[in-house]
Ligand SMILES: CC(C)(COP(=O)(O)OP(=O)(O)OC[C@H]1O[C@@H](n2cnc3c(N)ncnc32)[C@H](O)[C@@H]1OP(=O)(O)O)[C@@H](O)C(=O)NCCC(=O)NCCS
């Protein structure tokens, strides 16, 4: 399967709505995402990504054999963390387990390190999200520790894990 990343297009809203209108996806993400999620929600999300200040948001559609399979982004942090970026992603359930996310994570890291002054990209999956932790490990991220009782999701107190990858010359 040929996996690529490309800039968002407003016409991707239907595909992204179909992917994220899935509780199994949303249960592994932070709160604040509409559920149910409409095409209009997708358009608003894509517009906000396209309108973000250059160099602060590196957001892409993930495509598999030319079809939208998921969403990935690296988001520049602020203040003393301004040269770090947090990564987030999700993949449509029909594409799980095919290596799509791992490839996309590698592509985004390469893009960010080659096209910005960012020196560290990190991700904070829920500790129970074995698939996401595995993706990060396969993509070359280092596990740095567990953030104990770091969030409340669906009424449960959960641990999260800190993973990062550092720019090397
Ligand atoms: C997590 C997610 C992004 C993974 O995407 P994906 O394209 O399926 O990932 P990949 O195929 O590249 O790799 C998944 C790896 O996890 C492994 N895996 C999957 N489920 C697992 C489980 N329950 N326990 C252990 N490993 C698991 C797979 O076997 C694979 O590893 P392998 O190649 O060594 O066999 C996808 O499942 C998803 O979108 N989930 C919902 C949203 C989410 O969790 N986003 C991330 C928030 S931090």
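Quick check on my filter: what residues within the stretch 33-59 are within 27 Å of residue 130 (Cα to Cα), within 15 Å of the chain's Cα centre (by Cα) and away from the ligand (no atom under 16 Å from the Cβ)?
57, 58
Determine, yes or no, whether residue 4 is out of contact with any helix residue (DSSP H, G or I) (no Cβ under 9 Å at 6 or more places or on another chain) and either more than 12 Å from the ligand (Cβ to nearest atom) or free of Cβ contacts under 8 Å to residues at least 40 places away in the same chain (or both). Talk me through it step by step, then tell me what you get.
On the way: out of contact with any helix residue (DSSP H, G or I) (no Cβ under 9 Å at 6 or more places or on another chain): no; either more than 12 Å from the ligand (Cβ to nearest atom) or free of Cβ contacts under 8 Å to residues at least 40 places away in the same chain (or both): yes.
Answer is no for this residue.
Can you pull out every residue in the stretch 111-124 that is within 16 Å of the ligand (Cβ to nearest atom) and closer than 23 Å to residue 64 by Cα? Please lay out each step first, then the result.
Step one: list which residues in the stretch 111-124 are within 16 Å of the ligand (Cβ to nearest atom), which gives 121-124.
Matches in the stretch 111-124: 123 only.
Yes/no matrix, rows are residues, columns are (1) closer than 19 Å to residue 6 by Cα; (2) modelled with pLDDT of 95 or more; (3) touching a helix residue (DSSP H, G or I) at 6+ places or on another chain (Cβ under 6 Å):
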| residue | (1), (2), (3) |
| --- | --- |
| 80 | no, yes, no |
| 87 | yes, yes, no |
| 107 | yes, yes, no |
| 118 | no, yes, yes |
| 127 | no, yes, no |
| 144 | no, yes, no |
| 149 | no, yes, no |
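Across the stretch 152-169, which residue is farthest from the ligand (Cβ to nearest atom) among those that are within 18 Å of residue 25 (Cβ to Cβ) and assigned to a strand (DSSP E or B)?
Residues of the stretch 152-169 within 18 Å of residue 25 (Cβ to Cβ): 153-154, 156, 158, 160.
From what's left, assigned to a strand (DSSP E or B): 153, 156, 158, 160.
Details: 153: 11, 156: 16, 158: 12, 160: 9 Å.
The residue in question is 156.
Can you pull out every residue in the stretch 126-151 that is under 14 Å from residue 88 (Cα atoms), in contact with a strand residue (DSSP E or B) (Cβ under 8 Å, 6 or more places away or on another chain) and in a loop (DSSP other than H, G, I, E, B)?
Passing the criteria: 139, 141.
Would you mention how many residues in the stretch 13-32 are within 17 Å of residue 104 (Cα to Cα) and more than 9 Å from the ligand (Cβ to nearest atom)?
Count: 1.
Could you tell me which numbered condition residue 80 fails, if it satisfies all but one of (1) within 17 Å of the chain's Cα centre (by Cα); (2) more than 25 Å from residue 15 (Cβ to Cβ)?
Condition not satisfied by residue 80: (1).
In the stretch 80-106, which residue that is over 23 Å from residue 160 (Cα atoms) and surrounded by fewer than 17 Cβ atoms within 10 Å (Cβ to Cβ) is nearest to the ligand (Cβ to nearest atom)?
98
Residues are listed down the side, and each one gets a yes or a no for (1) free of Cβ contacts under 8 Å to residues at least 60 places away in the same chain; (2) touching a strand residue (DSSP E or B) at 6+ places or on another chain (Cβ under 6 Å):
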position	(1), (2)
80	yes, no
87	yes, yes
105	yes, no
124	yes, yes
153	no, no
161	yes, yes
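The values are calculated or read from the model by the stated rules, or taken from the named source; none is laboratory data. Everything quoted here is computed from the prediction, not taken from an experiment. With ideal geometry, Cβ positions are generated from the backbone for all residues, glycine too; neighbour counts draw on all protein chains shown.
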